[in-house]
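Written out below as C-alpha cells is the structure these notes cover.
Here, each number is a calculation from the coordinates, and none is a lab measurement. Since the model is a prediction, treat every value here as computed from it, not as a measurement. With ideal geometry, Cβ positions are generated from the backbone for all residues, glycine too; neighbour counts draw on all protein chains shown.
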Amino acid sequence: MKSSSILFFLVFVVHIAFSQEGKNISGKIIVKDAMVNDIHVINLTKDKETITNNQGEFTILVSPDDLLVFSAGHLDYMRKIVEQEDYEKGVLVIEMTSKINALDEVEVKNYSNINAVALGILSKPAKEYTPAERRLFGATSSPIDALINLISGRTKMLEKGVEIEKREFLLEQLEGLYSDEFYLKNLNIEKENIKGFHYFLVEDNRFAAALQSKDKTLASFLLIEIAAKYNSINEK
C-alpha cells in the first residue's frame, strides 16, 4: 500500500512538472450573427493576450486550470477555465453570443483603441514574461506547484535561471554600447579584457539598474568607479 502511494505521488509530480509550464493551444470562436475577428482572448492566470483572426481562430499559451476570458464590444463577456481534457486535446471551441443591442451588419473599421485595460478586464497592460520568468511563474502559480517545487529545489533553480537570464540581457545591451577605444583610453582596459569586464559590470546592481533604465549618463559615470575596482583586482 505504501509503495503504491509513493508511485502515485511520483506520477503526480511528473505530471505536474510537464504541465505547469504550459503550451500553446489553438482555438476557434463561433458566433451565429456577428463578426468573429478581433475578439480579445486573455489568459488572466498567465497575463497573456491575443486576438482572433477573420475566421475567429487564435493561439494562446495555457496550462490546466488557467482562466481565459473572451471579450469584444459587440459580444457578451465570457469566461472559460482550461480543463485537463482541453489541455490534452490542444483545441478549444468557444461559442459566444451577440449583445442584445448589437446592430446587424455594422462594420467596425478600427479596434485599435479596444484592449484589456480599456474594457476594464485588466487594470494595467498584461505583463510580458521572459522564458525564465514564465518557467518560474508556472512553478509557483498554485499552492501544490509551489510546495512540490520548493521541496524538490526546482524553484531555487528557476530563480537562479531568472537572474542568469537578466545578466544575459544586460550583456547583450552592452555589446557595441561603447567603443574599444573608450575602454582603453577612458578606463584603461585592454581589448582582450573587455568581455571579462562586461561580466564584472553586470554584477553591479547600480550599473544594471542604470543600463535597464537606459540612463547612459549615469552608466558612464559608474563605469569609471567599477573599472577602477576591476583593474585593482586584476593587478593582484
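In table form, for the structure just shown:
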quantity: Rg/Rg_globular for segment 175-235, with Rg_globular taken as 2.2 N^0.38 Å and Rg from C-alpha atoms; calculated: 1.03
quantity: Pair residue 33, residue 225: separation of 7 Å Cα→Cβ label points (nm); calculated: 6.8 nm
quantity: FRET efficiency for residue 97 and residue 59, using Cβ-Cβ distance with R0 set to 35 Å, rounded to 0.05; calculated: 0.90
quantity: Efficiency of FRET between residue 159 and residue 24 - r from beta-carbon atoms, R0 30 angstrom, step 0.05; calculated: 0.75
quantity: Stretchable slack from residue 199 to residue 77, in nm (0.36 nm times residue separation minus alpha-carbon distance); calculated: 39.0 nm
quantity: Cα centroid separation, segment 52-105 to segment 137-215 (Å); calculated: 38 Å
quantity: Under-5 Å amide H pairs with residue 189, H placed in peptide plane, nonlocal only; calculated: 184
quantity: Sequence-distant residues sharing a close amide H with residue 78 (under 5 Å, placed H); calculated: 70
